[in-house]
Amino acid sequence: SLRFVTSAGNPSRARLLSLVQAQLRRSGVEVLPSFAPPSTFLGTILPSGDFHVALFGFFSAPNPTGNTIFGCGGSQNYTGYCQRLVTRDLDQADRILDARQQARVLNRADAQMARDVPVLPLNQIPLATAVRDTVRNFAQSLNPLTNSENWWLER
């Protein structure tokens, strides 16, 4: 029996949870769904670790550095995952300015996390990102085309 928690009022998560519940039921696993108001879910339940499985998503900047999610003691490390080499690499990547060197260190951390499997990502919403400083008026959003009519390229 597994207690699945997620935020209330999110039809996509409710649908996902019902699909997972049906699949696991066929395998003999009971799913006990729990829906909490978003503020309670994010502010109390996730940090407390009082769940078996949590359905939620991270929204972060396109630069994947920082150890808040996968570093030991990270503020959003809700799984309690702690691998000192990964934490070291994430901390080091935060201080590297050269993109190639940073990628090398982040790829090393990523390879270790792939071996450890601290989370099981179900899906990822692609986020559009401008990497050139000639792209103007761009703002990152969960909707990749938000405000796109106002983007322009400086020549």
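The values are calculated or read from the model by the stated rules, or taken from the named source; none is laboratory data. As the structure is a computational prediction, the values presented were derived from the model and not from experiment. With ideal geometry, Cβ positions are generated from the backbone for all residues, glycine too; neighbour counts draw on all protein chains shown. For accessibility, only protein heavy atoms count, side chains too; no ligands or nucleic acids. Shrake-Rupley method; radii C 1.70, N 1.55, O 1.52, S 1.80 Å.
Only residues that are surrounded by 14 or more Cβ atoms within 10 Å (Cβ to Cβ) and farther than 18 Å from Phe58 by Cβ: list them for segment 84-99, please.
Arg88, Asp89, Asp91, Gln92, Ile96
Can you list residue pairs whose Cβ atoms sit under 7 Å apart, with the first residue in segment 75-96 being of a type in the set (Lys, Arg) and the second being open to solvent by less than 60 Å² (accessible area, probe 1.4 Å)? Count only pairs 6 or more apart in sequence or on different chains.
Note: pairs meeting the criteria are Arg84/Cys72.
Filter segment 77-119 down to residues that are in a helix (DSSP H, G or I) and either farther than 30 Å from Leu145 by Cα or charged (D, E, K, R) (or both), then give me how many there are.
Filtering segment 77-119 down to residues in a helix (DSSP H, G or I) leaves 84-95, 99-116.
Next, only the ones that are either farther than 30 Å from Leu145 by Cα or charged (D, E, K, R) (or both) stay: 84-92, 94-95, 100-101, 104-105, 108-116.
Number of matching residues: 24.
Has segment 86-94 got any residue that is under 27 Å from Ser141 (Cβ atoms) and not charged (D, E, K, R)? Break it down stepwise before answering.
Of all residues in segment 86-94, those under 27 Å from Ser141 (Cβ atoms) come to 90, 93-94.
In the following step, the residues that additionally are not charged (D, E, K, R) were identified as 90, 93.
Yes, some residue in segment 86-94 is under 27 Å from Ser141 (Cβ atoms) and not charged (D, E, K, R).
Taking the stated definitions as given, is Leu122 touching a helix residue (DSSP H, G or I) at 6+ places or on another chain (Cβ under 9 Å), exposed (fewer than 14 other Cβ atoms within 10 Å of the Cβ), not in a loop (DSSP other than H, G, I, E, B) and not aromatic (Phe, Trp, Tyr)?
Values: touching a helix residue (DSSP H, G or I) at 6+ places or on another chain (Cβ under 9 Å): yes; exposed (fewer than 14 other Cβ atoms within 10 Å of the Cβ): yes; not in a loop (DSSP other than H, G, I, E, B): no; not aromatic (Phe, Trp, Tyr): yes.
No; evaluated as a whole, the condition is false for this residue.
Got a number for residues in segment 136-146 being polar (S, T, N, Q), open to solvent by less than 60 Å² (accessible area, probe 1.4 Å) and either closer than 30 Å to Val20 by Cα or modelled with pLDDT of 80 or more (or both)? Lay out the reasoning, then the answer.
The first filter runs over segment 136-146 and keeps only residues polar (S, T, N, Q), leaving 137, 140-141, 143, 146.
Retained after the next criterion (residues that are open to solvent by less than 60 Å² (accessible area, probe 1.4 Å)): 141, 146.
From what is left, the residues that are either closer than 30 Å to Val20 by Cα or modelled with pLDDT of 80 or more (or both) are 141.
Selection size over segment 136-146: 1.
Working only within segment 44-69, note down all residues that are in contact with a Leu (Cβ under 7 Å, 6 or more places away or on another chain), buried (at least 18 other Cβ atoms within 10 Å of the Cβ) and at pLDDT below 90.
Hits for segment 44-69 are Thr65, Asn67.
Does any residue in segment 20-36 that is assigned to a loop (DSSP other than H, G, I, E, B) come within less than 9 Å, Cβ to Cβ, of a residue that is among the aromatic types (Phe, Trp, Tyr) and exposed (fewer than 12 other Cβ atoms within 10 Å of the Cβ) six or more places away or on a different chain, and which pairs are these?
Hits for this filter: zero, empty list.
Could you tell me which of the residues Asp133, Asp110 is at pLDDT 75 or above, within 17 Å of the chain's Cα centre (by Cα) and not hydroxyl-bearing (Ser, Thr, Tyr)? So that I can check it myself, show each step before the final result.
Values: Asp133 fails: within 17 Å of the chain's Cα centre (by Cα).
Answer to the selection: Asp110.
Residues of segment 4-42 being at pLDDT below 95 and among the basic types (Lys, Arg), which ones?
Passing the criteria: Arg13, Arg15.
Name the single residue that is farthest from Tyr78 (Cα to Cα) among those in segment 19-43 being hydroxyl-bearing (Ser, Thr, Tyr) and surrounded by 12 or more Cβ atoms within 10 Å (Cβ to Cβ). Walk me through it before giving the result.
Step one: of segment 19-43, the residues hydroxyl-bearing (Ser, Thr, Tyr) are 27, 34, 39-40.
From what is left, the residues that are surrounded by 12 or more Cβ atoms within 10 Å (Cβ to Cβ) are 34, 40.
Working: Ser34: 17, Thr40: 14 Å.
By that ranking, first place goes to Ser34.
For segment 1-19, enumerate the residues that are part of a strand (DSSP E or B) and aliphatic (A, V, I, L, M). Show your work before the answer.
Looking only at segment 1-19, we keep the residues that are part of a strand (DSSP E or B), and these are 2-7.
Answer for segment 1-19, where residues must be part of a strand (DSSP E or B) and aliphatic (A, V, I, L, M): Leu2, Val5.
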